[in-house]
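The structure appears below as structure tokens.
The values are calculated or read from the model by the stated rules, or taken from the named source; none is laboratory data. Everything quoted here is computed from the prediction, not taken from an experiment. Ideal geometry is used to build each Cβ from the backbone, glycine not excepted, and the neighbour counts take in all protein chains shown. Accessible surface areas use protein heavy atoms only, side chains included; no ligands, DNA or RNA. Shrake-Rupley method; radii C 1.70, N 1.55, O 1.52, S 1.80 Å.
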Amino acid sequence: MIGYYNYTVILTYLGLTSSIIGIYYSMEYHPFIGILCLLFSGLCDMFDGKVARTKKRSKQEKDFGIQLDSLSDLVCFGILPITIGYSIGLESPAYLPIFVLYVLGALIRLAYFNTLENIRQEKSDLVLTSYTGLPVTSVALILPFLYIFKNIIPYFAFVYLATLLIIAILFVSTIKIKKPTFKTMLIFIAIGLLELLLIILGIAWK
């Protein structure tokens, strides 16, 4: 079989599987499941790079990992969010332009930084300390946080749509964002668990 098979890609495959499940159920009008899958995919993505660095890999394996991660990210954090939008009421073709812009923003960002990462790895093994623009994985915390207030925010579907547009712009912006430390990543996990709890409680209260 073509490809490289070892434990370093397991989290990427789990995240992608979760998002495929989320896309399926979102298209069946179950946004709650889509949001849960988005959270889980974000958790997987948070640690896949750290796991990959625990193994000595050839250049081909590293390049494969970079491509694999980005292709998975496009599905998890590009396609899944727009299917969640569809499931909460954004069904009209009139919303397609923003959906397209959102996915394009994610695609352009991932392709651009793949190019930079390949160049960087040829010159140095140093790990980047900051991001330019908003990382696509950030939607795994942003959108679930927004979803918590779906029963409170008037015209929630349109607020969700506007949020996607803003995020799309931030994906390709030049703002500098410090890369999270391990401690910060633990805080992100705690925030994600809190979001999960609040979402579940929100469903129970409905």
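Restricting Leu170, Leu161, Leu196, Leu134 to residues that are closer than 26 Å to Leu90 by Cβ, under 15 Å from the mean Cα position of the chain (by Cα) and assigned to a helix (DSSP H, G or I) narrows the list to Leu170.
The set of residues in region 174-183 being over 20 Å from Phe145 (Cβ atoms), out of contact with any Ser or Thr (no Cβ under 7 Å at 6 or more places or on another chain) and surrounded by 10 or more Cβ atoms within 10 Å (Cβ to Cβ) consists of Thr181 alone.
Of the residues examined, Phe77 is one that is crowded, with 17+ Cβ neighbours inside 10 Å and aromatic (Phe, Trp, Tyr).
Each row is one residue, and each column tells you yes or no for (1) under 17 Å from Tyr160 (Cα atoms); (2) charged (D, E, K, R); (3) within 20 Å of the chain's Cα centre (by Cα).
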| residue | (1), (2), (3) |
| --- | --- |
| Thr17 | no, no, yes |
| Thr54 | no, no, no |
| Ser70 | no, no, yes |
| Tyr102 | yes, no, yes |
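All told, Leu161 meets the bar of being among the hydrophobic types (A, V, I, L, M, F, W, C) and modelled with pLDDT of 95 or more.
With respect to Ser70, is the statement that it is surrounded by 22 or more Cβ atoms within 10 Å (Cβ to Cβ), under 24 Å from Phe171 (Cβ atoms) and not acidic (Asp, Glu) true? Spelling it out, it is not the case that Ser70 is surrounded by 22 or more Cβ atoms within 10 Å (Cβ to Cβ), under 24 Å from Phe171 (Cβ atoms) and not acidic (Asp, Glu). Candidates are the residues of region 63-74 that are over 15 Å from Gly105 (Cβ atoms) and aliphatic (A, V, I, L, M); the one that is modelled with the highest pLDDT is Leu71.
Considering region 129-155 alone, what residues qualify as being among the polar types (S, T, N, Q) and open to solvent by 60 Å² or more (accessible area, probe 1.4 Å)? Across region 129-155, the qualifying residues are Thr129, Asn151.
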